[in-house]
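Only one structure is covered here, and it is reproduced in the block below.
Each reported figure results from applying straightforward, stated rules to the coordinates on display, with no laboratory input. What you are looking at is a predicted structure, and each value in this text was computed from that prediction instead of being measured. So basically every Cβ, Gly included, is an ideal-geometry build from the backbone, and we count neighbours across all protein chains shown.
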Amino acid sequence: MTDGTGAVPDDANEAEPKPETGTAASAAAPAPGAAELAELRNQLGERTADLQRLQAEYSNYRKRVERDRNVAGELAAIKVLSELLPVLDDIGRARDHGELAGGFKSVAESLESIVAKMGLQGFGSKGDVFDPTIHEALLHSYATDVTEPTCVEILQPGYQVGERIIRPARVAVAEPTADADGGPEESGEAADS
C-alpha cells in the first residue's frame, strides 16, 4: 500500500492489526471498567435482595394488620353479644313459663335472629356427655341409667361464637352408680364391716 513514491501512508499503518504484546497480562488484569461493572452488579444484587426483603416484610405486615382487624372485630362482636346473654336468658325463661306473647314475642324472635346472624350459637342439652371444656358442673349426682358422666339438667345454656366459648353451659351432672367392685357407696360399707 504505497502511493507510488514508496512511502506508506499514515492511515494504512492504523488499519493493519498490530500484534498484541502481553496478551496474557491483559487477560489476568481486567480492564479498569470491568472492576467498576462488577462492583455495580454486586450493588444491584444487594439492592434487589433488600427490595425483595422489604416486599416480603410489607406483605407480612398487611396480612398481620388484616388478621388483627378481623380479630378486633370479632372481639367487639363478642363483647356486645356477651352483654346480651342475660337478656337472652330472660327471654328463654319467659318462653319456658309461657309468658312470651304478643309484640314482645316478635321482638324476642327478632333479637334471637340478629344474634344468630352475628354467629352466636347456644349449646348444652339434656343427655349430652359432660365435657369440662364447655360445661360447668353446678350439681353432681349418681344415676343407674347413665354409663358415663352425663348432663341430666341444663341450668343455664352455654353460648359460643365460632369455636370461642363465651359462656359455658351450667349443668347438673350424673355419674354412673358404683358397681359391685367398690365405688364410692360400696367402699364406705366395706370399711364399716
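Residue order for S82, S59, fewest other beta carbons within 10 angstrom first, comes to S59, S82.
Taking the Cβ of each residue in V71, V171 as the centre, tally the other Cβ atoms inside 10 Å and list the residues starting with the fewest.
Lowest to highest Cβ neighbour count: V71, V171.
Close amide H pairs (under 5 Å, H built 1.01 Å from N) link A143 with E175, T177, residues at least 5 positions away or on another chain. Cβ crowding within 10 Å ranks I165, I91 as I165, I91, fewest other Cβ atoms first.
For the range 34-118, the residue among S59, G102, Q43 whose Cα projects farthest onto the positive side of the dipole built from Cβ charges is Q43.
Going by the alpha-carbon gyration tensor, a ≥ b ≥ c the square roots of its eigenvalues, is the range 68-164 rounded (a/c under 1.5) or, if a/c is not under 1.5, prolate (a/b greater than b/c) versus oblate? The shape class here is oblate.
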